[in-house]
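The values are calculated or read from the model by the stated rules, or taken from the named source; none is laboratory data. Since the model is a prediction, treat every value here as computed from it, not as a measurement. Neighbour counts are summed over all protein chains in view; Cβ atoms, including those assigned to glycine, are modelled from backbone coordinates with ideal geometry. Remember, those area values only see protein heavy atoms, side chains included, never the ligands or the DNA or RNA. Shrake-Rupley method; radii C 1.70, N 1.55, O 1.52, S 1.80 Å.
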Amino acid sequence: KGDEKKPLQALIFDSKYDSYKGVLAYARIINGTVSREDELFMTENKNESTVIEVGHFKPQLNASENLKAGEIGYIATGFKSVVNCRVGDTITLSKTKNDVQSLPGYKEVSPMVYASFYPVEGDDYNFMRDALDKLKLNDAAFAFEPESNKALGRGFRCGFLGLLHLEIIHERLKREFNFFPTITTPSVVYRVRYANTNKIENIYSASEMPDPSAIEEISEPFVKLDIVTPSIYLGQVMELMGSVRSIYKNTEYIDEERVLLSFEAPLMDVIINFHDNLKSATSGFASMSYELIGYRPYDLIRLDILVAGEKIEAFSRIVPKEKAFSEGKATVEKLKDSIPRQNFSVALQAAVGAKVIARETI
């Protein structure tokens, strides 16, 4: 349908890293023509490069003279990372960059779920950093940065699109690099507004949370949650939604057998065990999807766990105020079963600030 004589417009629908040719952009040519040695320009990321090779899929990569309007093929861009060549971006030529509009639909993806990866042996830290660097070459949505923890040593805080993305990265570390990291509980990004300065700051873990007296407001990400389930499981799903902080929005019957339920819920409640619980409640028949709708204020507090009077940073987390007691009690009961018995009594305590709200004794 396109016009070969118009300036180049090519839509990237996938990209992968090749050791010899750099990033291969899989593209559909909407208008214009692209050939080897052309100077490329990415309209959204503003990156420039020189084409190393173009070609078609047969299904293996098959080099050709050029790609014309209406064709699908690959463009070897020479970029060193897929971050420079994101899906949905528009490729044009440097000489026509001022005349070409971006194709609609491009959306910059940002991590939604955070978890920390720590090497089991401290000596493996550099090896793990190299492994994560190589994974990032192929995955533009994956982000990581170094962090350290008193209990676990040096590691990396990693950002993912969701829990499935986390599992994929974990599995690739195991299969491709034979690496088995320790993974902390997934969490989300909270936003804190300070009382005296009105400054807003992102909080990635409970250890970064400031003193409660300095906080004006704390917000957490909310999602629009859609659940498709056979109508016979409607009662079980509504009961499950009652156990998380959800706001019911709508029920829509797709046909006689299936129903679509819409809710708004905090992302934190959706990423921890919710999918497993939904599958259990509906014998595996229900499915779910969610999308971010923004941040909303909520009464959230930091829950600390003390072992023998000493605060263990690795166990600290941010929880809703009304769930602090039940979460604290469940955690210390679980720790009581996990920590070996000693020759003297050891106190396990859950505390909010200086106030102990639950206790078990080994």
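Count the lysine pairs in segment 187-322 whose Cα atoms sit under 26 Å apart, keeping only pairs 8 or more residues apart in sequence or on different chains. Present the calculation step by step, with values, prior to reporting the outcome.
Values: Lys199/Lys321; Lys224/Lys249; Lys224/Lys279; Lys224/Lys321; Lys249/Lys279; Lys249/Lys321; Lys311/Lys321.
Lysine pair count for segment 187-322: 7.
Over the chain, average the accessible area per residue using a 1.4 Å probe and give it in Å², no decimals.
On the way: 19720 Å² over 362 residues.
Here the per-residue accessible area is 54 Å².
Please grab the % of Cα pairs in segment 117-226 that end up more than 19 Å from each other. All intermediate terms of the calculation are to be shown ahead of the outcome.
Working: 3202 of 5995 pairs.
Here the tail beyond 19 Å accounts for 53 percent of pairs.
State to the nearest 20 debye the size of the charge dipole of segment 148-245 about its Cα centre, where the only charges are +1 on K and R beta carbons and -1 on D and E beta carbons.
The calculation lands at about 340 debye.
Can you give the relative contact order of segment 197-297 as a percent, counting alpha carbon pairs under 8 Å and 6+ residues apart? Each step should come with its number before you reach the end.
Values: 141 pairs, mean separation 40.5, N = 101.
The normalised contact order for segment 197-297 reaches 40 percent.
Taking all protein chains in place and a 1.4 Å probe, what share, in percent, of the accessible surface of the chain do carbon and sulfur account for?
On the chain, the fraction of accessible area on carbon and sulfur atoms equals 48 percent.
I need to check one value: relative contact order of the chain, counting alpha carbon pairs closer than 8 Å and at least 6 residues apart, in percent.
Relative contact order for the chain comes out at 11 percent.
Which value in nm describes the separation of the simple spin-label points at Ser64 and Lys199, placed 7 Å from the Cα toward the beta carbon?
5.6 nm
Let me have the 222 nm mean residue ellipticity of the chain computed from DSSP H runs of 4+ only, each contributing -39500 (n - 2.57), with the sum over all residues rounded to the nearest 500. If you can, show how the numbers build up before the last one.
Details: 6 runs with 66 residues, N = 362.
Taken over the chain, the calculation gives -5500 deg cm²/dmol.
Dipole of the chain, Cα-centred, from +1 at each Lys and Arg C-beta and -1 at each Asp and Glu C-beta, to the nearest 20 debye?
Details: 44 positive and 51 negative charges, 60 e Å.
The dipole magnitude comes to about 280 debye.
What whole number of Å gives the distance from the Cα centroid of segment 296-347 to the Cα centroid of segment 145-185?
23 Å
With each label point set 7 Å from Cα along the Cα-Cβ vector, what nm distance links Ser19 and Asn47?
Distance between label points: 2.1 nm.
Among Gly309, Phe117, Pro59, whose Cα projects farthest towards the positive end of the dipole of the chain, with charges put on the beta-carbon of Lys, Arg (+1) and Asp, Glu (-1)?
Farthest towards the positive pole: Gly309.
Quick one: how many Å² of Ser19 are accessible to a 1.4 Å probe, rounded to 10?
So the heavy atoms of Ser19 present about 100 Å² to solvent.
Name the long-range amide H neighbours of Ala143: under 5 Å, sequence gap of 5 or more, or other chain; modelled H, no Pro or chain starts.
Amide H to amide H, under 5 Å and 5 or more residues apart or across chains, Ala143 pairs with Gly159.
What lysines sit close enough to Lys136 to cross-link, taking a C-alpha to C-alpha distance under 24 Å and skipping anything fewer than 8 places away on the same chain?
List returned: Lys16, Lys21, Lys46, Lys80, Lys107, Lys174.
Find the eigenvalues of the gyration tensor of the Cα atoms of the chain, then list the square roots of 5 times those eigenvalues as equivalent ellipsoid semi-axes, largest first, in whole angstrom. Could the numbers behind the result be given before it?
Numbers: eigenvalues 408, 140, 83 Å².
Those come to 45, 26, 20 Å.
Before anything else, pin down the relative contact order of segment 7-52: Cα pairs under 8 Å, at least 6 apart, normalised by residue count, whole percent. If you can, show how the numbers build up before the last one.
On the way: 64 pairs, mean separation 14.8, N = 46.
Contact order relative to length: 32 percent.
Treating the beta-carbon of each Lys and Arg as +1 and of each Asp and Glu as -1, no other charges, what is the dipole magnitude of segment 217-332 about its Cα centre, to the nearest 20 debye?
Working: 12 positive and 18 negative charges, 61 e Å.
My answer is approximately 300 debye.
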